[in-house]
Each structure stands twice: as C-alpha cells, then as structure tokens.
1. Is segment 33-94 rounded, prolate or oblate when judged by the Cα gyration tensor, a ≥ b ≥ c being the square roots of its eigenvalues, rounded requiring a/c under 1.5 and prolate requiring a/b larger than b/c?
2. Using a Gaussian network model of the chain with C-alpha springs under 10 Å, which one of E22, E53, E35 is most mobile by mean-square fluctuation?
3. Modelled label-to-label distance, S16 and K38, 7 Å Cα→beta-carbon offset: nm?
4. Along the charge dipole of the chain, pointing to its positive end and built from +1/-1 on Cβ of Lys, Arg, Asp and Glu, which listed residue (Y72, W88, M7) has its Cα farthest out?
5. List the relative contact order of segment 40-93 as a percent without decimals, with contacts defined as Cα pairs under 8 Å and 6+ residues apart.
6. Report, to the nearest 10°, how far helix 18-32 tilts away from the longest principal axis of the Cα atoms in the chain, using its own Cα long axis and a range of 0 to 90°.
7. Report, by chain and number, residues whose modeled amide H sits under 5 Å from the one on F78, excluding near sequence neighbours (fewer than 5 apart, same chain).
8. Which residues make up the longest stretch of the chain that has no chymotrypsin sites (Phe, Trp or Tyr not before Pro) in a DSSP loop with at most 16 other Cβ atoms within 10 Å?
Amino acid sequence: MRISEAMMIASAIETSDKKVWEAIVTLIEAAKKQEPVKPVPIKYEPLIRHGWEYGCPACEKAVGFNKYAVEYTDNDPFCPSCGRKLDWGDWSEE
Ligand SMILES: [Zn+2]
C-alpha cells in the first residue's frame, strides 16, 4: 500500500475520541514528510547571491548544494529544516 493511499484511508476514519484523532493527524503529518517533493528554484535574491539554487517547497528554506560550498553541501535526501523527503530526480546521481 502506498503512503498516499494509507493517508487517504486514515483521514476518513471517524472518531469522537479526541486522543485517537490527534494520533491519526500526527501520523498523517509524519507520513506526509515521507512523500518526496521536487525542490523548487529559489527566488529570494540574497540566498541566490550566497550560492543557493534550490528551496524546499514545503518550508521554503534553502536546500541542496551551495555553489560556494560544494565540499560541505549536497543534494540532501531530506530537507534539513522541516524533514520533508526531497526528490532530486537525476541530480542525485551526478
Ligand atoms: Zn523543508
């Protein structure tokens, strides 16, 4: 079963128990981060000037390699800020 399918089924569970509902919501939020999203080109000028090219679409923080610090930065498998799984496509093999 795919995570997206499990999330759909879980979000349809009806309960009047507040604790159970909180548990479901917490798990859905955690599962959402496992679904890869493609990094987006950064538009914030000061970050671009400092060598960043891509941002996390979930939290909008800079992710991936920084062209001025290639020894220390890489295309992260997860966003270092919010933990969202990132899909770098073919870039990860470069
Ligand atoms: Zn993020």
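1. Values: a/c = 1.82, a/b = 1.27, b/c = 1.44.
Taking the square roots of the gyration eigenvalues as a ≥ b ≥ c, segment 33-94 is oblate.
2. E22
3. For S16 paired with K38, the spin-label model returns 4.7 nm.
4. Farthest along the dipole direction, towards plus: M7.
5. So the answer I get is 24 percent.
6. 30
7. Amide H neighbours of F78: L86.
8. Counting only loop sites that pass the neighbour cut-off, the longest clear stretch is 1-43.
All of the numbers you see were taken from the coordinates with simple rules; none came from a lab. None of these values were measured; they are calculated from a predicted model. FYI the Cβ positions are ideal-geometry reconstructions off the backbone, even for glycines, and counts take in every protein chain you see.
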